[in-house]
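The values are calculated or read from the model by the stated rules, or taken from the named source; none is laboratory data. In this text, all values refer to a predicted model and were calculated from it rather than measured experimentally. Here the Cβ is made from the backbone with ideal geometry for all residues, glycine too, and neighbour counts use every protein chain on show. Please note that ligands, DNA and RNA were not included when accessible areas were found on the heavy atoms of the full protein model with its side chains. Shrake-Rupley method; radii C 1.70, N 1.55, O 1.52, S 1.80 Å.
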Amino acid sequence: MQRHLLTSLTCLFAVLLVTDLARAQTAPGWNRKVEAIAAIPDATGGVQLYAVVEVDSQVAPADLATVVEFRVNGTAVGSSFHDIDCNPCAACPTTGRCICETLADGTEICDCSPWRSIVGPIPTPIQPGDEIMVILYPAPGALPDDDTSDDQLVQPFGGDPVFWNRRIADVQLTPTAGAPDNFFDITVQVDYEGEYDGVLNMGLSLELLINGQSHSTIPGFEDWITWVTCDGGCGGACAWNNDGLVAGHCEPQTPDW
């Protein structure tokens, strides 16, 4: 795995627009894949486990319902069921199929891109040196995977629990031109950090508090970041915004957001 730092996002508390993620499935048939594992501390001093899971298909209709199981040192500590189907969909002219998840309340969420989700949290006690494993199983009656090599992922827990991270790197106040002396433009610099080659939705919300009172917010928005091995002069890692729709840069340079 590689450790990459992508910096920085400048926000002036304005409307932000992000292009939807679109990734093509290159393998034939259908596939389930565990992309990454995270172990993040909670408020009680314990750890909550997460996994990034992708399900995609070039075949429709297809029942791809999936069970995501979490294990620590071989012992199951939690699981979740995801009712996923691939259906013919006129709204997806390029692929001709939608990847849909049916939620417990019957709501159906469909997208033309692969189904990708951060699954969790699974709270569990864990110690440095423990082994975390995430396994994907076809739900009863669902299609099995022909290629199961990416249906599980193992990661040792080294005591550093953050596998991806957002942090406030800097806050600057600049007097607002033409405004009274007590008016300022506030610029917030946010760093994104990831530790694998893959895609994460690193979307966030920003809230400005003055003397503890909420003053302004940017509501939650999606921001898909792709970390990839970089060809050319980088000698290692590139970070791409919006799955490559904004040009990638050798870290730690800043993409043009």
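Numerical summary
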item	result
Of residues in the range 51-82 being open to solvent by less than 50 Å² (accessible area, probe 1.4 Å) and of a type in the set (Asp, Glu), the one modelled with the highest pLDDT	Glu69
Failed condition for Ala91, given (1) touching a residue at least 40 places away in the same chain (Cβ under 8 Å); (2) out of contact with any Gly (no Cβ under 7 Å at 6 or more places or on another chain)	(1)
Listing of strands (runs of 3 or more DSSP E) fully contained in the range 88-175 that carry 1 or more residues being farther than 19 Å from Val77 by Cα and either open to solvent by less than 80 Å² (accessible area, probe 1.4 Å) or modelled with pLDDT under 90 (or both)	97-102, 108-111, 115-124, 165-175
Asp85 being over 30 Å from Phe157 (Cβ atoms), modelled with pLDDT of 95 or more, surrounded by 19 or more Cβ atoms within 10 Å (Cβ to Cβ) and not polar (S, T, N, Q)	yes
Glu207 vs. criteria within 15 Å of the chain's Cα centre (by Cα), of a type outside the set (Phe, Trp, Tyr), at pLDDT 65 or above and open to solvent by 40 Å² or more (accessible area, probe 1.4 Å)	no
Candidate set from the range 210-220 (those that are loosely packed, with under 14 Cβ neighbours inside 10 Å and assigned to a strand (DSSP E or B)); member that is modelled with the lowest pLDDT	Gly220
